[in-house]
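Engineer: After the structure tokens below, expect a handful of questions from me.
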Amino acid sequence: MTTATDSTPPLLDVNGIEVIYHHVILVLKGVSLAVPEGAIVALLGGNGAGKTTTLRAISNLLESERGEVTKGSIRLRGERIERLSPAALVDRGVVQVMEGRHCFAHLTIEENLLTGAYTRARGEVAANLEKVYTYFPRLKTRRASQAAYTSGGEQQMCAIGRALMAHPKLVLLDEPSMGLAPQIVEEVFAIVKDLNARERVTFLLAEQNTAMALRHADHGYILESGRVVMDGTAAGLAGNEDVKEFYLGMGHAGDEHARKSFRDVKSYRRRKRWLA
């Protein structure tokens, strides 16, 4: 298995974590991953693979769902952060954009954005707001609109923009493409790439749209049933025959129409090898 690290310690280092819900349900089974500073790292896998749980473990949002990290460690710049509150993590520059966007429906777009700036000094807020509007010009146009009456794409942009108001170093982005039209997904990922390149914002994104994620990420990890079964550079994963077959809908010949069934014996044996 390859690694995302080099001689420089990663910004985020997750080492062998296990997560249990309700004291009995083991969801993550020794997950390890590294997120270098200034990188885009994709956490890939199907529904129920453990992607959201991994992000919630990092941002310490498991308690509300009666979950806890029972083994392993999570370090941000070398500091153990498993016991820090979500507010303390925001102070350290870690912000999560939740799956499903979760904008405040009764607030305007601009009021939603301003809720993300509660940790910033008053003098920073106006500058950060203008920066968000630079990256999301559509939000500036819709700034006075109640969030409930904006599109799904605009709400996703608002959720990301709200995270940016906290001037984060690391954004945990959960399923940014969910429920969005392909054109909007392209736009959102292009903005993520731009933020990474120009602002050096580091992203760890959980995504089921494997092709889109690998197109924009530097490195990827594939989760199956709460375990990392493969990782590598985005280009390496995109060219891997197993990834093509299971996640990109391609057969071994590279035919995008030759989709393989998960019930196929050969596929079943390979998956058993991954999970061994």
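The values are calculated or read from the model by the stated rules, or taken from the named source; none is laboratory data. Predicted, not measured: the structure shown is a model, and the values here were computed from it. Glycine also receives a Cβ, built like all others from the backbone with ideal geometry; neighbour counts cover every protein chain displayed. Protein only, heavy atoms only, side chains kept; ligands, DNA and RNA dropped before computing areas. Shrake-Rupley method; radii C 1.70, N 1.55, O 1.52, S 1.80 Å.
Engineer: Among (1) free of Cβ contacts under 8 Å to residues at least 40 places away in the same chain; (2) under 19 Å from PRO176 (Cβ atoms), which single condition is LEU84 missing?
Structural biologist: Looking at each condition in turn, LEU84 falls short on (2).
Engineer: What's the number of the condition THR150 fails, among (1) surrounded by 19 or more Cβ atoms within 10 Å (Cβ to Cβ); (2) within 26 Å of SER59 (Cα to Cα); (3) touching a residue at least 40 places away in the same chain (Cβ under 8 Å)?
Structural biologist: So the condition that THR150 fails would be (2).
Engineer: Let me ask you something else. Select, from ALA49, ALA57, ALA34, the only residue that is in a strand (DSSP E or B) and either surrounded by 14 or more Cβ atoms within 10 Å (Cβ to Cβ) or within 14 Å of the chain's Cα centre (by Cα) (or both).
Structural biologist: One residue alone meets the criteria, ALA34.
Engineer: Are any of the residues in segment 7-25 surrounded by fewer than 17 Cβ atoms within 10 Å (Cβ to Cβ) and of a type in the set (D, E, K, R)? Quick ask: steps written out before the conclusion?
Structural biologist: So in segment 7-25, the residues surrounded by fewer than 17 Cβ atoms within 10 Å (Cβ to Cβ) come out as 7-9, 15-16, 21-25.
Now restrict to residues that are of a type in the set (D, E, K, R): none.
Looking for residues that are surrounded by fewer than 17 Cβ atoms within 10 Å (Cβ to Cβ) and of a type in the set (D, E, K, R), one finds none in segment 7-25, hence no.
Engineer: Tell me which helices (runs of 4 or more DSSP H) are completely within segment 152-219 and hold 3 or more residues being closer than 17 Å to GLY38 by Cα, at pLDDT 90 or above and in contact with a helix residue (DSSP H, G or I) (Cβ under 6 Å, 6 or more places away or on another chain), or say none if there are none.
Structural biologist: Filter on segment 152-219 gives 182-199.
Engineer: Identify all residues within segment 132-149 that are over 26 Å from ALA197 (Cα atoms) and in a helix (DSSP H, G or I); write none if there are none.
Structural biologist: Once the filter is applied, which keeps residues that are over 26 Å from ALA197 (Cα atoms) and in a helix (DSSP H, G or I), segment 132-149 yields ALA147, ALA148, TYR149.
Engineer: GLU110 fails exactly one of the following numbered conditions: (1) open to solvent by less than 20 Å² (accessible area, probe 1.4 Å); (2) in a helix (DSSP H, G or I); (3) under 23 Å from VAL188 (Cα atoms). What is the number of that condition?
Structural biologist: (1)
Engineer: So, one more: Consider ARG162 carefully, then state whether it is surrounded by fewer than 18 Cβ atoms within 10 Å (Cβ to Cβ), under 30 Å from ARG92 (Cβ atoms) and of a type in the set (Lys, Arg).
Structural biologist: It is false that ARG162 is surrounded by fewer than 18 Cβ atoms within 10 Å (Cβ to Cβ), under 30 Å from ARG92 (Cβ atoms) and of a type in the set (Lys, Arg).
Engineer: If you check LEU84 against the conditions, is it under 11 Å from the mean Cα position of the chain (by Cα) and either under 18 Å from LEU11 (Cα atoms) or assigned to a strand (DSSP E or B) (or both)?
Structural biologist: No.
Engineer: Looking at THR141, THR115, which one is open to solvent by 10 Å² or more (accessible area, probe 1.4 Å), modelled with pLDDT of 95 or more and not aromatic (Phe, Trp, Tyr)?
Structural biologist: Of the residues listed, the single one that is open to solvent by 10 Å² or more (accessible area, probe 1.4 Å), modelled with pLDDT of 95 or more and not aromatic (Phe, Trp, Tyr) is THR141.
Engineer: Please verify whether ALA144 is in contact (Cβ under 8 Å) with a residue 24 or more places away in the chain, more than 27 Å from ALA87 (Cα to Cα) and not β-branched (Val, Ile, Thr), treating the condition exactly as stated.
Structural biologist: Yes: the conditions hold for ALA144.
Engineer: If a residue must be small (Gly, Ala, Ser), outside any loop (DSSP other than H, G, I, E, B) and open to solvent by 40 Å² or more (accessible area, probe 1.4 Å), how many such residues does segment 220-235 contain?
Structural biologist: Counting residues in segment 220-235 that are small (Gly, Ala, Ser), outside any loop (DSSP other than H, G, I, E, B) and open to solvent by 40 Å² or more (accessible area, probe 1.4 Å) gives 1.
Engineer: Still on this model: Restricting to segment 60-77, name every residue that is outside any strand (DSSP E or B), open to solvent by 20 Å² or more (accessible area, probe 1.4 Å) and not hydroxyl-bearing (Ser, Thr, Tyr).
Structural biologist: Listed by number, the residues that qualify are ASN60, LEU61, GLU63, GLU65, ARG66, ARG77.
Engineer: Condition (residue is under 27 Å from VAL69 (Cα atoms), surrounded by 16 or more Cβ atoms within 10 Å (Cβ to Cβ) and in contact with a strand residue (DSSP E or B) (Cβ under 7 Å, 6 or more places away or on another chain)) applied to segment 178-200: is it met by at least one residue?
Structural biologist: no
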